[in-house]
1. Grab the DSSP H runs of the chain that are 4 residues or longer, score each as -39,500 (n - 2.57), total them, divide by all residues and round the 222 nm result to the nearest 500 deg cm²/dmol.
2. For the chain, take the longest principal axis of its alpha carbons; what is the angle in degrees between that and the long axis of helix 194-204, to the nearest 10 within 0 to 90?
3. Need the C-alpha centroid separation for region 133-182 versus region 585-622, integer Å.
4. Mind giving me the nanometre distance, one decimal, between the label points for residue 416 and residue 496, set 7 Å out from Cα along Cα→Cβ?
5. Report, ordered by chain and residue number, the lysines lying within cross-link reach of residue 578, taken as a straight Cα distance under 19 Å and ignoring same-chain residues fewer than 8 apart.
6. Sticking to Cα atoms, compute the Rg of region 262-465 to one decimal and its Dmax as the biggest Cα-Cα distance, whole number, in Å.
7. When ranked by the protection proxy of mean other Cβ atoms within 10 Å per residue, highest first, what sequence do the peptides 451-458, 617-624 form?
8. For region 242-262, list residues with backbone N below 16 Å from a point placed 7 Å from the Cα of residue 81 toward its Cβ?
Amino acid sequence: MSIIQTIRDKAAWLVFGVIALSLLGFLLMDAFVGKSGRGIMAGNKSTIGSVNGNKIDYIEYQKKVQMVETQYQQSGYPMNEMMRQNVQDQVWNQFIEENVLKPEYEELGLSVTPKELDDILFGANPPQDLRQQFTNEQGVYDANAAKAALANLRSKKDNPMAQNLNDVYLPSLMEARLREKYSSLLGNTYYIPKWMAEKTTADNSQLAAVNYVAVPYSTVSDSAAEVKVTDSDIESFIAKHKEEYKQEASRSISYVAFSAAPSSADSIAIITTLNNLKPEFAAAADPAAFLVRNNTETPYFDGYVLKSKLQVPNADTIRNLPEGALFGPYLDAANVTIAKMISKRTLPDSVKCRHILINTQNIPDSIARKRIDSIELAIRGGADFAALAAKYSDDQGSKNKGGEYSFASQTIPTLAKEFGDAILYGNKGDKKVVKTSFGYHYIEVLDQKNFETAYKVAYLSRAITASVETENAASGAANQFAGESRTAKAFEDMVVKDKLTKLQASEIKPNDAMIQGLGSSRQLVRWINEAKIGDVSEPFNIEDKYVVALLSEINTEGTMSVAKARPQVEFIIRNQKKAEQIRKKIGTANTLDAIAAATQQTIKHSDSIRFSAPIIPNVGQEPKVIGAAFNKANQAKISAPIPGNAGVYVLKTENVSAVSDGGVNPDDQRKAKMQQMRQMSGFRAIDGLRKAATIKDERAKIL
């Protein structure tokens, strides 16, 4: 009901502020005391990096990280390690953008005036959170109410909510407006002339017909000496394409994992434990207390679930249980479960009701009771329910709607229990007074629809977890392996000797919290950052396994090494060398017939090469060949050999014609393209400034 939502909304600022202040205190303590000697006072620097020489403070960074994490948590997102790393990267990127954009703003004279800030907060397009909190019953944003609330908050100088407002919330709005201005300025510099749009439309409607000879690279053996790719070839290629083969700092490991997952014996032990509890569970008169006492993984739901909504393993069997009967143990995901049928009844899947609320938060209980009794008496005497609701009800969400609400059965458990029970378990036409934590309600059940059987079921469940013996066995095996594998050679020898599986994890970045194939493993990443090639780790407990790692590779930031680049560029260079061999085979042949004979290929024909198409029918993606097909010089004579993606091509264009453009309006296309470019301008500008910036990311040394 809206009164509940209203309380939540109005308290949101307070909750956020208290949480933010508490988290900040924890952060400050952690920063100065540190974990395992990593705190600032433990000897590390107070900065975690810099952008163009501007240092980024550790405390400020962590403060923003925690605030973003809190916002995500309040929105219902789980804050696991992967999510936490995403937040850290998000905040880091914000610091980078702020630092590269600030000089641009200053040079252009961009700023946000107090008047503009008022427009942001109280104008036609306010922030979404303010709009949600200060929209009135007519669905209109109440700017005056928002202005009064913020003014009141600003006046409380020592209030953590006020600090959050002034230090975080308002600056973020101003930063967003500055970025909007900057992007708008850049976007409006894009212009496409009409003649260019018309030419593009004409070019895209062209169709070429060609005869050609294609000599596949596969006609030259990979083992031929002439096409061997040396380290020198790769170095030369990388030197010409440095931007394409840049790499971030990263490291790679080999590792062996010793499983500590629950064994079959562990599963049997849990099943045995539950079987031993079955008699007591069956006899328990208070299932809720029994489940709490026996630490069930599935909390007791003291309500009914409709037949169509009972989506659990073995649902048909459970639905057919007599009241008081048990089923199980059975597997339910990672749990072993026993189900007990508590009771069954017929219930509707939707309810329509109306009510009048007299709130007890502002008046004494006795007065509220007298008012609701008077309202009940008046309605039973023939008074209009809707009129009384509009005049007396304290529920702002329904008082102007005759007090009416419609609820699906699955949402009723979210209401006050007394209210939900009255409308769900009562009968159509029931009228009664009910007291909840909000006050006294006079309720009438207007309608109930789609009745079906509903079930109240209790679930005694235990997670399938590893026993101490299983954990100790895995830990012992990992420690023994690590103790006997203190060098890279010993590591490899032990893998062979013990017939273990050696796995690889590559390109692990300094700030990673997750390792592909291993999961959340920030402690292992810290070891990787500090290790030397050939170092072997002590066992790390990661999820349900113990891992011993060998640092196998270090990639420094900059251009890829020959070994790292070879898998990516070797085939490119080999094809370039093959293209040269094919050119030599073609020699001085100057007709398609002569070239076909020299290369033992046939002359082929294509009459549907589109200028705007990315591929050639029956050929594939060959952009150089498409370009050559529309080269007027190739209509008079054959083209020079064209090294493509799959082979070398020689072609002669028979003719170039035009097909219908489908009635495309060049001016509409021009406007659409300009709009697209303008929308991308901000992103491209920031990307360009970022690439040109000198960025030092040293988070891994502290975090």
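Derivation of every value follows stated rules applied to the coordinates shown; laboratory data play no part. These numbers come from a predicted model, not from an experiment. Here the Cβ positions follow ideal geometry from the backbone for every residue, glycine too, while neighbour counts run over all protein chains shown.
1. -14500 deg cm²/dmol
2. Approximately 80 degrees, to the nearest 10.
3. Here the two parts' Cα centres lie 66 Å apart.
4. Between residue 416 and residue 496, the label points sit 7.6 nm apart.
5. The reachable lysines, counting only those whose Cα sits under 19 Å from residue 578, are 228, 624.
6. Rg then Dmax for region 262-465, in Å: 21.7, 71.
7. 451-458, 617-624
8. Backbone N within reach: 253, 255-261.
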